[in-house]
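Asks: The structure under discussion is supplied below as structure tokens; questions concerning it will follow.
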Amino acid sequence: KCGSCGPGYASPLDAMKGPREEIIYIPCIYRNTGREIPDFLATVDVDPKSPCYSQVIHRLPMPNVGDELHHSGWNTCSSCFWDPTRKRNRLVLPSLISSRIYVVDVGTDPRAPRLFKVVNPEDVFWKCGLGYPHTSHCLGSGEVMISTLGDPAGNGKGGFILLDAETFEVKGTWEKGDEVPPMGYDFWYQPRHNVLISTEWGIPRVLGYGFDPNDLGKGRYGRRLNVWDWSTHRYIQAIDVGEDSAPLEIRFLHNPDASEGFVGCTISSAIHRFYKTERGDWAAEKVIQVPSKKVENWLLPEMPGFITDILISLDDRFLYFSNWIHGDVRQYDISDPRNPRLVGQVFVGGSISKGGPVRVCEDEELQSQPEPFVIQGKKVAGGPQMLQLSLDGKRLYVSTSLYSAWDRCFYPDLIRDGSVMLQLDVDTEKGGLAVNPKFLVDFGKEPGGPCLAHEMRYPGGDCTSDIWL
């Protein structure tokens, strides 16, 4: 063991030996629910030995209304493992709509976080010319980097905000040069290959009103993986993965020597493997395609799966993703990254279950429509969305809200009933997924009324926030 270590773990395999998660932080959203109250950060007890197991044990309301908390990140992580002066004690919460950035103190009392600082949107607008912040990653330099979807006016623009990880002052933008991508969303960096790759969702002022099929074919949704030179901070390459594909979550393999990873494309419902070529540039190939289903009584005559989240186990053995519309979570063996093999699947909601309004007329994958998903007497509204895997890879947590404007469009009952958080047991030997019937967090029973819970984080880091250098 390191004699004087900083936060996180020395390697991904070391992280797999870390302690079992006991609490999870998850932002809860009230925007678009008809309730004019602030979003809040919930602390959920996930210790099966605790009398409060699968319950919300603390709520930290934000000071403003209408923020749309979304994703979160840390002030520091395993990228700073060898720096004993660093502590993972602040959770960074960007607001997708208001462009505020909240910094939460989770170090003083991890079970009862408190607000540490608010970065006002004006600082982001004036110092960066950016808005609609999304993904937050800590850097080995002692800074926090946040990707954005657009400019302050709601036009598409891919860029990155830099915050000082101690004071959380806005330092400016990370990117240099005049050329930037037309859109932004998620990102991952790999310094050993001198690269950062970002993705594209859509134009913020379009996304703000929900999903409109008339926006398809008009360049309003993303289609590129955008490659950046890590050392010069310059945009150097675009990889086209298809019109209106909307590539969202991107994950390199955790091994810091790896020069490949995966990205989930939402609207096209495909998984692409991206990789470094022999020439030294980057390319992508489709390795998984979820077939659309021909349906009646739905928004479109063909229903895509809508891959909205992906993650990779810390040993780089399994890939997981959620089909938010179809309603299933999948597990793939990626021992051969070019040929992923489906080894686990479970339906936990979605739009095609029996007894609902949608009739499936033609289905390449299923013989019949799945049964409605009921747990502890509750029929779950919505579909599986955000995922988080335990460090040892044996428990997969699932939440059901995507984004309030899209929730309202695709799942009106989710707005009415609130989202849930589930836990799946994972077979890490042969593969396989099973719902844990003892675990249910029902955000429809919140004191302020039903709310929409989104991304999950553990205090000690996880496989979607830590990057090893």
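Asks: Sorted by accessible area (1.4 Å probe), largest first, how do Asp178, Asp14, Asp229 line up?
Replies: Ranking Asp178, Asp14, Asp229 by accessible area, largest first, yields Asp178, Asp14, Asp229.
Asks: Between region 32-65 and region 6-24, how far is it from one alpha carbon centroid to the other, in angstrom?
Replies: Spelled out, the Cα-based centre of one part sits 24 Å from the other.
Asks: Can you tell me the length gained on complete extension of the stretch Leu469 to Gln345, counting 0.36 nm per residue apart and subtracting the Cα distance?
Replies: Stretched out fully, the Leu469 to Gln345 stretch lengthens by 41.4 nm.
Asks: What is the distance, in nm, between label points placed 7 Å from the Cα along the Cα-to-Cβ direction at Thr108 and at Lys176?
Replies: 3.9 nm
Asks: Between region 448-469 and region 97-176, how far is it from one alpha carbon centroid to the other, in angstrom?
Replies: Cα centroid to Cα centroid, the span is 16 Å.
Asks: Find how many whole Å separate the alpha carbon centroid of region 320-359 from the alpha carbon centroid of region 228-251.
Replies: The distance from the Cα centre of region 228-251 to that of region 320-359 comes to 25 Å.
Asks: Let me ask something else. Could you tell me the calculated FRET efficiency between Ser335 and Asn194, based on Cβ-Cβ distance and R0 = 22 angstrom, to the nearest 0.05?
Replies: 0.25
Asks: To continue, here is another question. Normalised by the residues of region 273-371, what does the relative contact order come to in percent, with Cα pairs under 8 Å and at least six apart?
Replies: Relative contact order here is 23 percent.
Asks: Something else now. Per residue of the chain, what 222 nm ellipticity follows from adding -39500 (n - 2.57) for every DSSP H run with n ≥ 4, rounded to the nearest 500?
Replies: -1500 deg cm²/dmol
Asks: Moving to a separate point now. Over region 1-111, what is the relative contact order in percent, taking alpha-carbon pairs closer than 8 angstrom and at least six residues apart?
Replies: 27 percent
Asks: Something else now. Measure off 7 Å from each Cα along the Cα-to-Cβ vector at Glu362 and Gln55, then give the distance between these two points in nanometres to one decimal.
Replies: Taking the simple label geometry, Glu362 and Gln55 are separated by 5.2 nm.
Asks: Continuing with this model, one more query. Express the relative contact order of the chain as a whole percentage, based on alpha carbon pairs under 8 Å and six or more residues apart in sequence.
Replies: 13 percent
Asks: Still on this structure, please answer the following. For every other residue with a beta carbon closer than 14 angstrom to the beta carbon of Tyr235, add +1 if it is Lys or Arg and -1 if Asp or Glu, then tell me the sum.
Replies: Summing Lys and Arg as +1 and Asp and Glu as -1 gives -2.
The values are calculated or read from the model by the stated rules, or taken from the named source; none is laboratory data. Keep in mind that what you see is a predicted model, and the values were worked out from it rather than measured. Cβ sites come from the backbone with ideal geometry, for glycine too, and all protein chains shown count toward neighbours. What goes into the accessible areas is simple: the full protein's heavy atoms, side chains included, and nothing from ligands, DNA or RNA. Shrake-Rupley method; radii C 1.70, N 1.55, O 1.52, S 1.80 Å.
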